[in-house]
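The values are calculated or read from the model by the stated rules, or taken from the named source; none is laboratory data. All values derive from a computational prediction rather than experimental measurement. Ideal geometry is used to build each Cβ from the backbone, glycine not excepted, and the neighbour counts take in all protein chains shown.
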Amino acid sequence: MDNPNSTNVHPQNKNSIVRGLTDMFISLYKIYLFLAKFFKEVFLPPYEWNEVMKQMYQIGVRSFTLITFTGFVVGLIFTKQSRPSLAQFGATSWIPGLVSIAIMRALAPLVTALIAAGKVGSSIGAELGSMRVTEQIDAMEVSGTKPFKYLVCTRIIASSIAIPILAIYVGFVAMMGSYLNVLAGEGTSFTTFMAQVFEPLSFVDFEASLIKAIFFGFTIGVVSCYQGYYADKGTEGVGKAANASVVTAMFLIFMEEVIIVQVAGWFR
Amino acid sequence: MQKPKGHINYDDTVISIRGLRKSFGDLHILKGVDLDLFQGENLVVLGRSGMGKSVLIKIISGLLNADSGSVNVLGEEVTNIAEKTLQQLRLNIGFSFQNSALYDSMTVRKNLEFPLVRNHKGLRRAEIDNAVETVLDAVGLSQTINQMPSELSGGQRKRIGIARTLILQPKIMLYDEPTAGLDPITCIEINDLINEVQQRYKTSSIIITHDMTCAKQTGDRMAILLDGQFQRQGSFDEVFATDDDRVRPFYDYNFIQ
C-alpha cells in the first residue's frame, strides 16, 4: 500500500524538476556574467555619453505623456478617496501630509518604474532582440565596435538616470493633481498646501525614494538589455524578449520595493 | 562572365585551419576540418544546408568558439586569443552577412561611418566623408547615401553590407551566401563586385554559397564540405569531375536541370 506521507516522485517529473533547476542556475550564472561584463565595461573608456543622452531622451519621450497622465490621476484619486475617512475624524487638513507621504515615499518611484517597465523595458527588449536575430549585433562585433558597450551599457546607464528624474517629475505632477482636489474641497491656498506637503517629509524620505528609483531604473535596464541581447529563435524570440523584459522587471521592482521599504524603515 | 585572374601568393597562407571540431549538443557539425586560404585567393565553400559552412566562417571571425582544433588567421590563433587582440584582428576581417545585417535605425551614411569612427578616433569630418564616398563608389551606390536600409532593394542592401566591411580596408573577406534570394541579374552584379573587391582591395576571400554560377564566376578554388569535413578541393572542373552522389547534384541541379 502506498504511504500517503511518501515523497516518491515519478521519474519523469523528477527529470523535469532537475532540468528546471538546472536551467534556473544556468540563467542565474548567465545574468551574473552579464552584470560582471557590465561593471567591467562601464568604467573603461571610451565613454558613450552621446548615446547615453540619446537613450535618456528616448526613455523620457517614450514615457512622458503616460507618466504625466498617470501621476496626475494618482494624486487626484488618492486625495479624493482619502477625504471621506479623514473627514469622519475632522482631519481633512491632514490630507496634504498624508498624500505627500504616500506619493513621495512609495507611489512616485513605483508608478514611474511600472510604467517605464512596460513602455521602456519592452521597447529595449524588442529593439535589442530584433538586432540580435537580424545579426546586427554580430555585425557590430565583427567590425570591432564593441556592441555590449554601445548598446547595453548606454541603455542601463540611461535608464538608471532617467527613471529617477521621471520619478521626481511624477511626484510633482501627482501633488498638483492632489492640490486640484484639495483646492476644490477645502479651498486651501497653494502656499499652505505646499507647507503641509513638506512638513511630514524628512530627508531620508527623499533619499530612500531616489535610491529606490535608481535601483528600479537599473533593474529595468539590466533585465530588458539581457533579454534582448540574448534573444534567439527569430521573430518569436523578439516577442518573448519584449514580454520577458516587462514581466521580469515588474516582478523584481516589487521585490526591491519590499526590501528597500524595510531597510529605509531602520534608518527612519 | 569569365573570372579575372587574381594575383594569388601560394607561399602566404592568411587562414590555416587544422582539425577544427564544433558540435551543438549532440549534433556534430565540424568533424576535423582542415583548410588553407592563400593571399589574394577567392575560395568558394560549397555544401548542403546545415553542414556548418556559416559556422566555419563564424569561428574564423571569433563569433563562435571552436570545440577543438587550430584556426590561425593572419598569424593569430583565434581559438586562444585575448579580447583586445581579437578586436584588432577583426579590423582585418570583413564579414558580409547573408541578410546584410545593416543597422536599420541608421542611414546608409551612418551605417558606413559607424565602424570607421568607432575604430579610428580623431578622424576629421572630411576624411570620414571621403572614405564613405570611396566605398559607396566602389559598390556603385553613391546615390543611396542618405537612404534608410528599409528603402533599399535586396541587391542594394548586399552591396551596402559589403561597402560597410570595405571601409575598414580588410585583408580577408568572408561572404555568407552573397547571392541568396537575389534575381539572376543582381547575382551577376554581386559576383562581379566580389571579383572587383578582390582586384581593387587585394583581399583574400572565403565565399559560402549554394549558387554554382556564383562559385564558378568568383572562385579561384572550390572546397566541398561533406559530413563535417572538406572532401574535395580544387578548381571548379576538378571538383566536379566525379560521380560522387553527394557532389554531382550541386552541378547537375544548376547546370543541367
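The table that follows gives values for the structure above.
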| item | result |
| --- | --- |
| Cβ pairs under 6 Å, 6+ apart, first in segment B:105-120 and at the interface with chain A (Cβ under 8 Å from one of its Cβ atoms) and free of Cβ contacts under 8 Å to residues at least 60 places away in the same chain, second assigned to a loop (DSSP other than H, G, I, E, B) and β-branched (V, I, T) | B:P115/A:T145; B:R118/A:T145 |
| From the options A:R83, A:R62, residue that is surrounded by 11 or more Cβ atoms within 10 Å (Cβ to Cβ) and more than 30 Å from A:S159 (Cα to Cα) | A:R83 |
| Subset of segment B:117-158 (residues that are assigned to a helix (DSSP H, G or I), among the hydroxyl-bearing types (S, T, Y) and either in contact with a strand residue (DSSP E or B) (Cβ under 8 Å, 6 or more places away or on another chain) or farther than 20 Å from B:G94 by Cα (or both)) | B:S142, B:T144, B:S150 |
| Residues that are facing another protein chain (nearest Cβ under 8 Å), of a type in the set (G, A, S) and part of a helix (DSSP H, G or I), drawn from segment A:137-159 | A:A139 |
| Criterion (more than 18 Å from B:I206 (Cα to Cα) and of a type in the set (F, W, Y)) met by exactly one of B:F114, B:F38 | B:F114 |
| Conditions (1) closer than 30 Å to A:L86 by Cα; (2) at pLDDT 90 or above; (3) part of a loop (DSSP other than H, G, I, E, B); number of the one not met by A:P200 | (2) |
| Hey, B:G161 touching a strand residue (DSSP E or B) at 6+ places or on another chain (Cβ under 6 Å) and surrounded by 22 or more Cβ atoms within 10 Å (Cβ to Cβ) or not | yes |
| Residue, nearest to A:I137 (Cα to Cα), within segment A:219-242, restricted to residues that are among the hydroxyl-bearing types (S, T, Y) and assigned to a helix (DSSP H, G or I) | A:Y229 |
| Residue list for segment B:124-147, filter: away from every other protein chain (no Cβ under 14 Å), surrounded by 15 or more Cβ atoms within 10 Å (Cβ to Cβ) and not β-branched (V, I, T) | B:L136, B:A138, B:G140, B:L141, B:Q147 |
| Condition check for B:V33: more than 30 Å from B:G154 (Cβ to Cβ), modelled with pLDDT of 95 or more, touching a strand residue (DSSP E or B) at 6+ places or on another chain (Cβ under 9 Å) and not in a helix (DSSP H, G or I) | no |
| Of the criteria (1) within 14 Å of chain B (Cβ to nearest Cβ); (2) surrounded by fewer than 24 Cβ atoms within 10 Å (Cβ to Cβ); (3) at pLDDT 95 or above, which one A:L128 fails | (2) |
| Index of the failed condition, A:G118 passing every other in (1) small (G, A, S); (2) crowded, with 24+ Cβ neighbours inside 10 Å; (3) under 15 Å from the mean Cα position of the chain (by Cα) | (2) |
| Number of the condition not met by B:R109 [criteria: (1) out of contact with any Leu (no Cβ under 9 Å at 6 or more places or on another chain); (2) at pLDDT 95 or above] | (1) |
| Identity of the residue in segment B:101-116, charged (D, E, K, R) and assigned to a helix (DSSP H, G or I), that ends up surrounded by the most Cβ atoms within 10 Å (Cβ to Cβ) | B:E113 |
| Residue within segment B:84-92 that is at pLDDT 90 or above, β-branched (V, I, T), surrounded by fewer than 16 Cβ atoms within 10 Å (Cβ to Cβ) and closer than 21 Å to B:L174 by Cβ present | yes |
| Residue within segment B:65-76 that is within 14 Å of chain A (Cβ to nearest Cβ) and in a helix (DSSP H, G or I) present | no |
| Filter result (farther than 23 Å from B:T209 by Cβ, assigned to a loop (DSSP other than H, G, I, E, B) and within 9 Å of another protein chain (Cβ to nearest Cβ)) within segment B:77-100 | B:L91 |
| Residues being more than 14 Å from B:R109 (Cα to Cα) and more than 12 Å from chain A (Cβ to nearest Cβ) - total across segment B:151-168 | 4 |
| Residue count, segment B:159-209 (criterion: outside any helix (DSSP H, G or I) and at pLDDT below 90) | 4 |
| Subset of segment B:217-257 (residues that are more than 19 Å from B:I206 (Cβ to Cβ) and small (G, A, S)) | B:A241 |
| Residues being surrounded by 21 or more Cβ atoms within 10 Å (Cβ to Cβ) and either out of contact with any helix residue (DSSP H, G or I) (no Cβ under 7 Å at 6 or more places or on another chain) or of a type outside the set (V, I, T) (or both) - total across segment A:219-234 | 8 |
| Within segment B:48-64, considering residues that are hydrophobic (A, V, I, L, M, F, W, C) and in a loop (DSSP other than H, G, I, E, B), the one farthest from B:D245 (Cα to Cα) | B:L63 |
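Residue-by-condition table, conditions (1) buried (at least 20 other Cβ atoms within 10 Å of the Cβ); (2) small (G, A, S):
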| site | (1), (2) |
| --- | --- |
| A:G237 | no, yes |
| A:A241 | yes, yes |
| A:S245 | yes, yes |
| A:L252 | no, no |
| A:V258 | no, no |
| A:G265 | no, yes |
